[in-house]
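*Asks:* Take this structure, written in structure tokens, and hold onto it; I'll ask about it next.
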Amino acid sequence: MKIHEVDTHAPSILPEGEWELVWHDEFDGTELDRTKWDYRLSMMGTWHPGWGEEGVRLDGNSNAVFTVYEKDGMICSSQLQTGHNYMDAVVDRAAYTGHRFVWPMGQFKEHKYLKKHGYFECRCKLQKMDGWWSAFWLQSPIIGASIDPAVSGVEIDVMECFH
């Protein structure tokens, strides 16, 4: 922060103790920082036609605004993520035809941000209409790779709102 510059962002509610800020995004400006964020476009090895990259914009006031939109006759929305789940990568199933003992896997992608321990904080306003689904959650990139969550991790739903 520059001298005489006023920080207009919401204050952190970080608990007492020794903490080090290692990642943040205040959504300043008008362009999403693609070095920090990616869009989730597929699920369980298949491209999801209702998810896209057109539903998020920065309003210039430190807010990422999510909206639904219509594309090719379908109602679509966007999901931001900093990492990738290995099961979500789109799989070229044609490449596995004729192979009896092959588990089709998509290509692994590098994460924008991945942390095992820490304090996570989010400032958000929730939707005002039923049918929307706002969520802030943490998930292991290899969840489901093992039946043992100590090995493959879990999903932690920090906040979800359906109404």
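*Asks:* Here are Trp51, Trp23: which of them is hydrophobic (A, V, I, L, M, F, W, C) and touching a Cys at 6+ places or on another chain (Cβ under 8 Å)?
*Replies:* Residue meeting the stated conditions: Trp51.
*Asks:* Let me ask something additional. Report yes if some residue within segment 47-54 is touching a residue at least 40 places away in the same chain (Cβ under 8 Å) and either outside any loop (DSSP other than H, G, I, E, B) or not charged (D, E, K, R) (or both); otherwise report no.
*Replies:* yes
*Asks:* Just to be sure I understand the filter: pairs with C-beta atoms under 9 Å, separated by 6 or more residues or on different chains, first member in segment 67-95 and on the phi > 0 side of the Ramachandran plot, second member at pLDDT 90 or above. Which pairs pass?
*Replies:* Asp72/Pro49
*Asks:* For segment 95-113: of the residues being closer than 14 Å to Gly83 by Cβ and open to solvent by 80 Å² or more (accessible area, probe 1.4 Å), which is modelled with the highest pLDDT?
*Replies:* Only one residue fits best here, namely Glu110.
*Asks:* Now for a different question. Suppose we keep only residues that are touching a strand residue (DSSP E or B) at 6+ places or on another chain (Cβ under 8 Å) and farther than 20 Å from Thr35 by Cβ within segment 114-131. Which one would you say is least open to solvent (accessible area, probe 1.4 Å)?
*Replies:* This residue is Gln127.
*Asks:* Just to be sure, is Glu31 at pLDDT 90 or above, closer than 26 Å to Pro141 by Cα, of a type outside the set (S, T, N, Q) and open to solvent by 70 Å² or more (accessible area, probe 1.4 Å)?
*Replies:* It is false that Glu31 is at pLDDT 90 or above, closer than 26 Å to Pro141 by Cα, of a type outside the set (S, T, N, Q) and open to solvent by 70 Å² or more (accessible area, probe 1.4 Å).
*Asks:* Given (1) touching a Gly at 6+ places or on another chain (Cβ under 7 Å); (2) without any contact (Cβ under 8 Å) to a residue 24 or more places away in the chain, identify the lone condition not met by Glu18.
*Replies:* (1)
The values are calculated or read from the model by the stated rules, or taken from the named source; none is laboratory data. Just so we're clear, the structure is a prediction, and the values are computed from it rather than from any experiment. Methodologically, a virtual Cβ is constructed for each residue, glycine included, from the backbone with ideal geometry; neighbour enumeration extends over all protein chains shown. We work out accessible area using only protein heavy atoms, side chains counted, and drop any ligands, DNA or RNA first. Shrake-Rupley method; radii C 1.70, N 1.55, O 1.52, S 1.80 Å.
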